[in-house]
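Here is the structure we will look at.
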Ligand code: PGA
């Protein structure tokens, strides 16, 4: 399917790393490394404490600011939570929802993930909805069944006209932080399956405009092959997004792939 209808996105996911005071030196190192960055949208999804310093450091840059999570609630007595409009007010564009680390460590279920995606859209931002199977599910042949359920559950909370503003990230749990990247064929099979599910529910026009990313030990060496696949529109980068040079090489890979097209 033609990639011209959707954005290529490379999103860093810093997880719980770096200090707010380290943001400025990081961006100063990264920005000169991105001369060809126009071919894709680059985002850095950071801890809530890092959002304001990141925004300041990215002034006059095309790099978007992202968050790693959001509350399902609007406002009120929810100690420690951060609402979608608070993130929007800080200039956040992308919000990761349903990362497997939050599903596993913070008991987030598919319905909470859907509610978070809806809250993010409601405030004019784009959710990056993460889905992915465990190694056991893969070995038992349950990958697509599980992913299909996660995608449909999350999107069922999203108004029809806003589905195209969602980004889906396929992140096999066995690949995250393990150095064991999915092969381009494995990743493409699932990303193609995700697009087919969106097509059957929301039609071909919506399906062709939703960006689907791959995440899980994506690094400079593996990026180009993965990004060359027809249904992989970008990546979520954990470990490699903490090093400006590595992150920049992944972004460069998008430019190389689009030049070859
Ligand atoms: P990784 O993390 O690149 O370090 O595997 C990806 C993610 O969890 O989003």
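Every number here is computed from the coordinates shown, using simple stated rules; none is lab data. These numbers were taken from a predicted model, which means no experiment stands behind them. In this analysis, Cβ positions are derived from the backbone assuming ideal geometry, glycine residues included, and neighbour counts consider all displayed protein chains.
Translational diffusion of segment 1-123 was estimated from the Stokes-Einstein equation, with Rh taken as the Kirkwood radius over Cα pairs; at 4 °C and 1.567 mPa s the coefficient is 84 µm²/s.
Ranking 16, 229 by Cβ neighbours within 10 Å, fewest first, what do you get? All intermediate terms of the calculation are to be shown ahead of the outcome.
Working: 16 7, 229 18.
In increasing order of surrounding Cβ atoms, one gets 16, 229.
What separates the Cα centres of segment 44-72 and segment 88-147 is a distance of 18 Å. In terms of the mean number of neighbouring beta-carbon atoms within 10 Å, the peptides 110-123, 128-141 order highest first as 110-123, 128-141. This ranking places 18, 218 by how few other beta-carbon atoms lie within 10 Å of each, fewest first, which gives 18, 218.
For the pair residue 192 and residue 29 in one chain, pulling the backbone fully straight at 0.36 nm per residue adds 55.1 nm over the alpha carbon distance.
Convert 25 °C to kelvin, take the viscosity as 0.890 mPa s, use the Kirkwood radius over C-alpha pairs of segment 98-209 as Rh, and evaluate the Stokes-Einstein diffusion coefficient in µm²/s, rounded to a whole number. Mind dumping the intermediate values first?
On the way: Rh = 14.3 Å.
The calculation lands on 172 µm²/s.
Take 194-202, 250-258 and order them by the average number of nearby Cβ atoms within 10 Å per residue, most first; the result is 250-258, 194-202. Averaging 1/r over each pair of different alpha-carbon atoms in the chain and inverting the result gives 18.1 Å, the Kirkwood hydrodynamic radius.
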